[in-house]
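A short write-up of the structure that comes next.
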Protein chains: 2
Amino acid sequence: MAFEYLTNIPLEKARAEYIETLKNNGFSPKTETVAVHLSSGRITASPVYAAICAPHYPASAMDGITVKAASTFGASETTPIILGKDDFIVVDTGDPIPDSMDAVIMIEDVVWTDDKCAKIFAPASPWQHIRQIGEDICAGEMILASNMKITPSAVGAMLAGGVMEVEVIKKPIVGVIPTGDEIVPPTADPAPGDIIEFNSSIFSAMVKEWGAEAIAFPIVPDKFDKIKEAVENALDKCDIVILNAGSSAGREDFSTEVIRSVGNVLYHGIAIKPGKPAILGYKENKPILGVPGYPVSGIIVIEQFIKLILEEWYASSEKGYIYKKAILARTVVSGLKYEEFVRVRLGMVNGKLVASPLNRGSGVVSSFMKADGILEIPQGVEGYEAGEEVNIRLLRNENELSNTLVAIGSHDPLLDEIMDMLHSSDPTMFMSSTHTGSMGGIMAVKRGETHIAGTHLLDEADGSYNYSYIEKYFPNGGVYLVECVERTQGLMLKKGNPLNINTISDLKKDGVRYVNRQKGSGTRILTDYLCKKENIAFSDIYGYDREELTHTSVAAQIASDTADAGMGIYSAAKLYDLDFVPVCMEQYDLLIPESAWDTPMVKRLIEVLKSDEFRSRLDSLGGYKLTNPGEVRRHF
Amino acid sequence: MAFEYLTNIPLEKARAEYIETLKNNGFSPKTETVAVHLSSGRITASPVYAAICAPHYPASAMDGITVKAASTFGASETTPIILGKDDFIVVDTGDPIPDSMDAVIMIEDVVWTDDKCAKIFAPASPWQHIRQIGEDICAGEMILASNMKITPSAVGAMLAGGVMEVEVIKKPIVGVIPTGDEIVPPTADPAPGDIIEFNSSIFSAMVKEWGAEAIAFPIVPDKFDKIKEAVENALDKCDIVILNAGSSAGREDFSTEVIRSVGNVLYHGIAIKPGKPAILGYKENKPILGVPGYPVSGIIVIEQFIKLILEEWYASSEKGYIYKKAILARTVVSGLKYEEFVRVRLGMVNGKLVASPLNRGSGVVSSFMKADGILEIPQGVEGYEAGEEVNIRLLRNENELSNTLVAIGSHDPLLDEIMDMLHSSDPTMFMSSTHTGSMGGIMAVKRGETHIAGTHLLDEADGSYNYSYIEKYFPNGGVYLVECVERTQGLMLKKGNPLNINTISDLKKDGVRYVNRQKGSGTRILTDYLCKKENIAFSDIYGYDREELTHTSVAAQIASDTADAGMGIYSAAKLYDLDFVPVCMEQYDLLIPESAWDTPMVKRLIEVLKSDEFRSRLDSLGGYKLTNPGEVRRHF
């Protein structure tokens, strides 16, 4: 097993030694010559000197007459000089000055005689009102130093300086080789067990953002010879090769052996999580990076090594990433052995940047898409406590973060519609939402992590929604409860209801597989209450401990026949074309802290809630009743 | 004359009304469908919903055995259960779970019996250690809202969610039509009077940076019918048309008439300088922008209107520009009638951002390339005083500005070589140099505008260089004088010296056309001194008042035969292959204020000066003597 030989090299050491090794083996940028008019955005490979002067001829800077200055000497108000037709030429601004002349007199300073001669009342000094050769650029002057980014105006300056071609750093070609027997090209109709190969698309897009060309090679099965052949082929065509292992751990992995057989392996195993099994390989001056199959691991490894290699290639002036201090919302524990990369959502809430850790599963590509930043926990650090100030690597720009409405709390697909409406109506505004259930949302408001929290918490005592919870958790008030919708909760069931489930009690029936929501979610609290009311023990329901985080994912389990029933809202059942037994209408509200109330995002949110479009979108989703969305139910 | 009808519309009013007019005429983005794997960086045109769940099948999250949970109920340490061969299947992480099973037991919790049955000591709960369908993405979930930029991980999320194609906003096509009889395509060998057409390359590069496609059409002569035909053709092919007038003012300009003949003109004449003659036109939903011919005017107009139009097209979340406060180095006067755009160099000197206005000539494209920012002086404001805090629109990022060595003072081509060496040895460091002559450099140090100033000021009293000037202008010290080079000053003469000029006195000869340096430059002070020593009146030398700002531009005048002689350094004469009569060796030093002394840029500069490469580069330039470059001559 290759895993037995894994090293655990600290990241910085691995980065430094990899670059040094590559450079010692001749790694350096290639250059190419391109037409100047197509060179904007490229990086110069050598200094650019002007070939000609700009302007390249002396030109009149005024409308007037061009003269020989000497012929005007002595002219004055009292002793004007009359220039004959051969002594001047009428010129417009920009006209070339003939060799015989060396000054321009402005047209308004000329008096015309009847025989079309020019009478002047002051001498012209040599070269007055003439735009001289080289005023803009002189031949031989350095227009651009080497390693400079070519701007649009630099394109103009080069062309003005007679430079038609420029030597620039060639875009390196990065080849991505996906491997794995279960891997299939992207499809909307994969068979069970098929793993959709999207890593090469992600990696290609990443390296393109960093200025490289990308070639995504076809999928290679898990066979030593085939992989070796693919790597050799890629080395022929590319400057840098990424070998992406199959996604399944516990399987044979030929990557190290293959890289050793065609070149060298500096290290196999870096002290990072995710991304530990990375392989730092090379053949001569070409890096071959072995990247783990899980997308999140792969992204981290590519960020740490391919970006570094491309920065070296381009001798980039801007290296690395932008970091920003943030307050950590929840305690994060990390192993001492690795440097860990934790994806976080960021919210600018009440003037503080707050970082909420996301799902750490390395197979969850959507979490990378949702992440606003990365918390990097160094090797040897056990983690950070909630409330600690931590350094976050930003994945989105600060301006966007400041204009993002943060929603943490109960899930409802209507939140996505709000997000779309908010951003469409004002493109400078964004929304990020995290599904933690209603109680999670209340706690997020308490901790100052969120601007809004969807909540639908039933008070078993009086059947009211939300009030009693808010009174309990916010004894001093400071929050607004804003009406959103009433929505239909009920049992989502397989199409046609083959098991004939009509009540909560039917969930006890033999053969019924239930799928539940997580503890703390409003829907779970509702389900628990309904069970108690009917005197049903939770253990009597098969799968009651099986937890999903959203209405949609509960519906997805039923639709894919891994469960028969689950509690959820009508719109989720409708989305998956499931049968639905309504149980109750419940109040789904938005809890908003006073500190967020006057923000432009919340104001816009209220406008969205009150809009006709919101009504019509929720009509399409189905199962909602809108009375006065956007109205304050109570200011606590 | 079209100019008689020019309006003078305030910029903000013009921008707002132009966009409103375009929208009222149906201006809106086109959309197109692209393959998801090629969609990174594009903007979604509509919300993207997942087509399938990811993962799309339940998969083992561990290496182990998959079982039916119910078959394990009751197992304990004391009452283990033995599962027969049909009751379990061995699975690796990632393997699909068959329909008949619903839990995974970790391999380490299984004891194998001799007959290969599995003995277990604890019950499995339904769906334990199984990665459930939709853990990452659920079918029907919104993956991306509309108008969102597609990131590499969003590409992965879409492919994982079974989305193969995505509707994005089409890149608008911007057509650029250059017009003018004197305009010629870029060439290294233009004839006198030819104006090199580089505007279309600049404008194309600009709009590409803002996300558009560009088509640069062939040059059209100054004829109404030809221009009209070109505009109609461009309207067929493009979404936005830029009509670039000929560069020469005072000539007929058909742009307005043509735009009126094919569509409408909202305004002709905006209250901005440069850029006043801009024409805001359109045909139906397509903008037609008339742009003045001078490159700087054109750039300003395109920044103000085309960027605005593209932001509207893309419903951009980031609009406009980034501004930063800076201290103005010199007073800038502006007309009340226009909003004026003044290019400035920026330097972070002694902790303050200092803005030094550049050449305001609108034909000088190199000044735009050298500019670090734009000072926008509103209409109705007369200008700003030296020392005032002003708002600067940044053209380079702040990080770069903080790492830029600012050089203001005497010109020498060696400064360009230093710039190249500085940046090549450390790509995070930049250098900007402005040629103001030695006295200008001393004043820039005094005003705190510069890190270094090249200076070679002769004390006529004792023949020493620089000391007495520094004592006079820095009576309290606070500056370092760093040795750079000795260099050969002399008379630069036409190749072969046809006028037989051998001494300063020969400049008085009839027919000798002299070209001088500007007042305050060390070379001018030297020349004045030499004349006085020889008792030559300045007025005895033809062209003594003709001023150029650099050695190179003096040499360029002689090489192009608009002058016969000029004082300058040997390296400039060599660059232009001129004859050279040496006059003296002079000391060229660098003056550095104490506040800059410990900056990384100055430290690196000293290393560069002391390097062997600096010696060898100056050897190639010629005419320099290096003794101890980089040593402190005196700390005042």
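Where a number appears in this text, it was derived from the coordinates with a stated rule and is not lab data. Computed from a predicted structure; not experimentally measured. When we count neighbours, we look across all protein chains shown, and the Cβ atoms used for this are built from the backbone with ideal geometry, even at glycine.
When DSSP assigns beta bridges and you keep just the ones with both residues in the protein assembly as shown, what percent turn out antiparallel, to the nearest 5?
So the antiparallel bridges in the protein assembly as shown amount to around 75 percent.
Using the Karplus curve 6.51 cos²θ - 1.76 cosθ + 1.60 with θ = phi - 60°, work out ³J(HN,Hα) for each residue of the stretch A:530-545 in order, rounded to whole Hz, and write x for Gly and Pro.
Residue by residue, the stretch A:530-545 yields 4, 4, 4, 4, 8, 6, 9, 6, 4, 5, 6, 9, 5, x, 4, 7 Hz.
Taking neighbour Cβ counts within 10 Å as the exposure measure, how do B:Asp577, A:Asp194 sort from fewest upward?
With the sparsest Cβ surroundings first, the list reads B:Asp577, A:Asp194.
Report, to the nearest 10°, how far helix B:224-237 tilts away from the longest principal axis of the Cα atoms in chain B, using its own Cα long axis and a range of 0 to 90°.
On a 0 to 90 degree scale, this one is about 20.
How about the stretch A:282-350: which trypsin sites (Lys or Arg not before Pro) there are in a DSSP loop, with at most 15 other Cβ atoms within 10 Å of their Cβ?
A:Lys319, A:Lys337
Give me Rg over Rh for the protein assembly as shown, both radii from the alpha carbons and Rh done the Kirkwood way, two decimal places.
Rounded to two decimals, Rg over Rh is 1.05.
Of the GluC sites (Glu not before Pro) in the stretch A:517-581, which ones lie in a loop per DSSP and count no more than 13 other C-beta atoms within 10 Å?
Here the GluC sites (Glu not before Pro) that fit, given the DSSP loop and packing criteria, are A:Glu534.
Taking every DSSP beta bridge that has both residues in the stretch B:252-304, what percent is antiparallel when rounded to the nearest 5?
100
Name the residue farthest towards the positive end of the dipole of the stretch A:182-332 from the options A:Asn244, A:Pro292, A:Ala188, assuming +1 on Cβ of Lys and Arg, -1 on Cβ of Asp and Glu, about the Cα centre.
Of the options given, the answer is A:Pro292.
Starting from 0 in steps of 10 Å, tell me what percent of the Cα-Cα pairs of the stretch A:499-604 lands in each bin.
Pair shares across the bins are 14, 44, 25, 11, 7, 0.
Translational diffusion coefficient of the stretch A:419-513 at 25 °C, 0.890 mPa s, Stokes-Einstein with Kirkwood Rh over Cα pairs, in µm²/s as a whole number.
Once the numbers are plugged in, D ends up at 146 µm²/s.
Using every alpha carbon pair in the stretch A:239-343, what percent of pairs falls into each 5 Å bin from 0 up to the bin containing the largest distance?
Per 5 Å bin, starting at zero, the Cα-Cα P(r) for the stretch A:239-343 comes out as 2, 11, 19, 20, 20, 13, 8, 4, 2, 0 percent.
Could you compute the FRET efficiency for B:Lys226 and A:Met142, with r as their C-beta to C-beta distance and R0 at 56 Å, rounded to 0.05?
Using R0 = 56 Å, I get an efficiency of 0.90.
If you take every DSSP beta bridge fully contained in chain B, what fraction is antiparallel? Give it as a percent rounded to 5.
Counting DSSP beta bridges with both partners in chain B, the antiparallel share is about 75 percent.
For a quick check: with amide H placed at 1.01 Å from N, whose amide H comes under 5 Å from B:Glu548's, ignoring anything fewer than 5 positions away on the same chain?
B:Asn516, B:Arg517, B:Gln518
Shape call for the stretch B:1-155 from the C-alpha gyration tensor, a ≥ b ≥ c root eigenvalues: rounded (a/c under 1.5), prolate (a/b greater than b/c) or oblate?
prolate
Based on the Cα atoms of the stretch A:482-531, what semi-axes does the equivalent ellipsoid have, where each is the square root of 5 times one gyration tensor eigenvalue, given in whole Å with the largest first?
23, 14, 9
If each of B:Ala35 and B:Lys625 carries a label point 7 Å out from its Cα toward its Cβ, how far apart are those two points in nm?
Going by the 7 Å Cα→Cβ label model, 6.9 nm.
Using a label point 7 Å beyond Cα on the Cα-Cβ vector, give me the inter-copy distances for B:Asp462 in nanometres, one decimal, shortest first.
9.7
How large is ³J(HN,Hα), in whole Hz, for each residue of the stretch B:454-469 in order, when computed from phi with the Karplus curve 6.51 cos²θ - 1.76 cosθ + 1.60 and θ = phi - 60°, using x for Gly and Pro?
Using θ = phi - 60°, the values come out as x, 8, 8, 9, 7, 8, 4, 5, 10, x, 7, 10, 6, 3, 5, 5 Hz.
To the nearest 10 degrees, how steeply does helix B:11-24 sit against the main Cα axis of chain B, on a 0 to 90 scale?
With both axes taken from Cα atoms, the answer is about 40 degrees.
Suppose every K and R has +1 on its Cβ and every D and E has -1 on its Cβ; what is the size of the dipole of the stretch A:139-257 about the Cα centre, in Debye to the nearest 20?
460
Evaluate the distance, in nm, between pseudo-label points positioned 7 Å from the Cα of A:Asn350 and of A:Glu284 along their respective Cα→Cβ axes.
According to this spin-label approximation, the distance is 6.2 nm.
Longer than 25 Å from Cα to Cα, which of A:Lys68/B:Lys370; A:Lys352/A:Lys610; B:Lys223/B:Lys307; A:Lys276/A:Lys319 are they? Say none if no pair is.
Pairs exceeding 25 Å: A:Lys68/B:Lys370; A:Lys352/A:Lys610; B:Lys223/B:Lys307.
Along the charge dipole of chain B, Cβ charges K/R +1 and D/E -1, which of B:Leu415, B:Thr72, B:Leu38 sits furthest on the positive end?
Final value for the positive-end residue is B:Leu415.
Could you work out the relative contact order of the stretch B:150-291? I mean the mean sequence separation of Cα pairs under 8 Å and 6+ apart, divided by the number of residues, in percent.
Once divided by the residue count of the stretch B:150-291, the mean separation gives 23 percent.
Any chance you could give the angle, 0 to 90 degrees and rounded to 10, that helix B:612-621 forms with the longest Cα principal axis of chain B?
It is inclined by approximately 50 degrees.
Once the convex hull of the C-alpha atoms of chain B is built, how many Å³ does it hold per residue, rounded to a whole number?
246
Suppose every Lys and Arg Cβ carries +1 and every Asp and Glu Cβ carries -1, with no other charges. What dipole size does the stretch B:249-357 come out with about its Cα centre, to the nearest 20 debye?
The dipole magnitude comes to about 540 debye.
Note the full-extension length gain between B:Asp510 and B:Asp545 as 0.36 nm times their separation in residues minus their Cα-Cα distance, in nm to one decimal.
Using 0.36 nm per residue and subtracting the Cα-Cα distance, I get 10.9 nm.
For the stretch B:114-248, take the convex hull of the Cα atoms, compute a quarter of its surface area, and give me that in nm², please.
17.3
Within the stretch B:548-573, whose backbone N sits under 12 Å from a point 7 Å along Cα→Cβ of B:Val581?
Of the residues in the stretch B:548-573, B:565-567 have backbone N under 12 Å from the label point off B:Val581.
Taking the Cα centre of the protein assembly as shown as origin, sum charge times position over the Cβ atoms of Lys and Arg (+1) and Asp and Glu (-1), and report the length of that vector in debye to the nearest 20.
For this selection, approximately 1200 debye.
Order of B:Thr627, A:Thr527 from fewest to most other C-beta atoms within 10 Å?
B:Thr627, A:Thr527
Note down the net charge around B:Asp189, summing +1 for each Lys or Arg and -1 for each Asp or Glu among other residues with Cβ under 15 Å from its Cβ.
-3
Between A:Glu213 and A:Lys13, what is the FRET efficiency for a Förster distance of 35 Å, r being their Cβ-Cβ separation, to the nearest 0.05?
Rounded to the nearest 0.05, the efficiency is 0.70.
Can you show me the helix-derived [θ] at 222 nm for chain B, built from DSSP H runs with n ≥ 4 at -39,500 (n - 2.57) apiece and divided by the number of residues, rounded to the nearest 500.
The helix-only estimate for chain B comes to -7500 deg cm²/dmol at 222 nm.
Quick one: which residues, 5+ away or cross-chain, put their amide H under 5 Å from the amide H of A:Asp222? H built at 1.01 Å from N.
A:Gly180, A:Asp181
Using 7 Å Cα-to-Cβ label points, what is the B:Ser46/B:Asn24 separation (nm, one decimal)?
Here the answer is 3.0 nm between the modelled labels.
Cα gyration tensor of the stretch B:369-443, axes a ≥ b ≥ c as square roots of the eigenvalues: rounded (a/c below 1.5), prolate (a/b > b/c) or oblate?
oblate
For peptide A:121-133, compute the average count of partner chain beta-carbon atoms within 10 Å of each residue's beta-carbon.
4
Can you pick out the pairs among A:Lys30/A:Lys149; B:Lys495/B:Lys519; B:Lys495/B:Lys532 whose Cα atoms lie more than 24 Å from each other?
B:Lys495/B:Lys519; B:Lys495/B:Lys532
Compute the FRET efficiency between B:Ser125 and A:Glu382 as 1/(1 + (r/R0)^6), taking r as their Cβ-Cβ distance and R0 = 35 Å, and round to the nearest 0.05.
The computed FRET efficiency comes out at 0.70.
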